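This report concerns only the one structure given below.
Every read-out reported here was derived from the displayed coordinates using simple, explicitly stated rules and does not represent laboratory data. Source: prediction; values computed, not measured. So basically every Cβ, Gly included, is an ideal-geometry build from the backbone, and we count neighbours across all protein chains shown.
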Amino acid sequence: MLGRKSKYTTHIEPAFEVILGYLRIGMTEKSIAKSLGVGVTSWKKYKTQFPAFTALLKKGALDATALVVNALYKRATGYEYDEKYVEERNVNGIVATVVKQITKHVPPDTAACIFWLINHDPDHWRNRQDIKHSGEIRGTGVLLIEPPKTKEGWLELHEEVEKYQKSLESEYKNKLIKSNILEAGK
């Protein structure tokens with residue numbers, strides 16, 4: 001008695017072109033396996049057992065990526081396309097069908113431009129900037145405290161906050177004087 005044929009030879013191998021088409025339209029491997037009646041575990045096993053199958057899956061993914069890249073590029077740069085327009089005209093009781101071809105222009109899309117530039121030239125186009133700081137960082141200006149539980153505690157906290165605020169104002173004024181923004185006598 002012979003063993004049962006593998007679903008690779010009965011379901012996958014004969015469907016290579018179909019699988020490639022599915023990959024090109026963006027279907028996931030899981031959904032392709034399901035549509036072919038192959039379990040996900042078997043699908044994964046076939047990927048390791050059959051190099052031609054693995055190569056097909058890689059090719060399909062690359063093809064799909066290339067299609068998306070091309071569409072993104074077209075949106076980023078703008079493009080033209082031809083559109084047919086069918087019009088029926090009645091001239092002296094005779095109905096004539098006129099087919100016109102109109103060339104339409106799709107302008108560049110700013111979002112597509114930005115996305116393309118950020119991903120293809122990140123040294124010059126990115127969403128963040130590198131800021132180099134030289135000098136001293138002494139504090140954040142944020143005071144973390146535990147809220148007082150008594151009226152006296154609140155009064156004490158108020159005094160501490162006022163002292164801290166005055167020290168910050170004094171420090172700021174001294175920096176302005178040192179940088180000659182304020183005159184020392186004022």
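Data for the structure
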read-out	value
Estimated FRET transfer efficiency (TRP125, TYR81; beta-carbon r; R0 41 Å; 0.05)	0.90
Long-range amide H partners of TYR79 with built H, under 5 Å	VAL106
Around LYS166: net Lys/Arg minus Asp/Glu count, Cβ-Cβ under 12 Å	-3
Charge sum, other residues only, whose C-beta stays under 13 Å from GLY60's C-beta, Lys/Arg counted +1 and Asp/Glu -1	+1
FRET efficiency for LEU157 and ILE118, using Cβ-Cβ distance with R0 set to 45 Å, rounded to 0.05	0.45
Two-decimal Rg to Rh for region 1-43 - Kirkwood Rh, Cα set	1.04
Segments 80-86, 150-156 sorted - mean Cβ within 10 Å per residue, highest first	150-156, 80-86
Label-reachable residues, region 72-94, where backbone N falls under 20 Å from a point 7 Å from LYS100's Cα toward its Cβ	80-92, 94
Estimated distance in nm for a label pair at THR65 and SER35, the labels positioned 7 Å out from Cα along Cα-to-Cβ	2.1
Spatially near lysine pairs across region 7-77, Cα under 18 Å, sequence gap of 8 or more or different chains	18
Coordinate range along principal axes, alpha carbons of region 7-77, Å, largest first	45, 22, 19
